[in-house]
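All remarks here apply to the structure that follows.
The values are calculated or read from the model by the stated rules, or taken from the named source; none is laboratory data. Nothing here was measured: the structure is a model prediction, and the numbers come from that model. When we count neighbours, we look across all protein chains shown, and the Cβ atoms used for this are built from the backbone with ideal geometry, even at glycine.
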């Protein structure tokens, strides 16, 4: 009997988990992250550090920027592997890849047109910009914001739905 025929493989790795299981695990992990880091779970601030570390490796001096003064400068000086946010983001990427591979859902799709490339780049830039000006992405601003009972998390919920609705209409009407 191979691993793919195991009922445990099918239950835990191949088949989707229930929404309740996912919600409970997310809540437990969010609490654990808060206890370990002393701050709510966030993703996008880490990308500003990644950009600064890359810029620094290319000879730039981001440590002189106002943004990286104080505690953010200390994080920048300590480097990638000492930053828990970087390790968590790598974990999210590797975990998502692993989950899609284990569920046999990983696919590389052919690019259909130049419009699709433009839509992807434009959408990514707008999402990144929006995440930085709104206290984070759906994890930092929505999930952690709502769990902290912060008003911005609830406002984010409204505008993420409006943005998703608008984006889907644009995508269907102009890019597909």
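Things worth noting here:
- Against the test of being at pLDDT 90 or above and part of a helix (DSSP H, G or I), the options 45, 21 yield a single qualifying residue, 21.
- Residue count, the stretch 64-75 (criterion: surrounded by 15 or more Cβ atoms within 10 Å (Cβ to Cβ) and either under 24 Å from residue 130 (Cβ atoms) or modelled with pLDDT of 90 or more (or both)): 3
- Qualifying positions in the stretch 124-135 - assigned to a helix (DSSP H, G or I) and touching a helix residue (DSSP H, G or I) at 6+ places or on another chain (Cβ under 7 Å): 131, 132
- Residue 114 vs. criteria free of Cβ contacts under 8 Å to residues at least 60 places away in the same chain, over 16 Å from residue 39 (Cα atoms), loosely packed, with under 11 Cβ neighbours inside 10 Å and not assigned by TED's automatic domain parsing to the domain that holds residue 26: yes
- Among residues of the stretch 84-111 being part of a loop (DSSP other than H, G, I, E, B) and touching a residue at least 12 places away in the same chain (Cβ under 8 Å), the one that is surrounded by the fewest Cβ atoms within 10 Å (Cβ to Cβ) is 104.
- Residues in the stretch 149-170 that are surrounded by 13 or more Cβ atoms within 10 Å (Cβ to Cβ) and not in a helix (DSSP H, G or I): 150 alone.
- Of all residues assigned to the stretch 136-146, at least one qualifies as being at pLDDT below 90, surrounded by 15 or more Cβ atoms within 10 Å (Cβ to Cβ), in contact with a helix residue (DSSP H, G or I) (Cβ under 6 Å, 6 or more places away or on another chain) and in a loop (DSSP other than H, G, I, E, B).
Each row is one residue, and each column tells you yes or no for (1) without any contact (Cβ under 8 Å) to a residue 12 or more places away in the chain; (2) closer than 13 Å to residue 147 by Cβ.
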site: 4; (1), (2): yes, no
site: 10; (1), (2): yes, no
site: 14; (1), (2): no, no
site: 22; (1), (2): yes, no
site: 25; (1), (2): yes, no
site: 32; (1), (2): yes, yes
site: 39; (1), (2): yes, yes
site: 42; (1), (2): no, yes
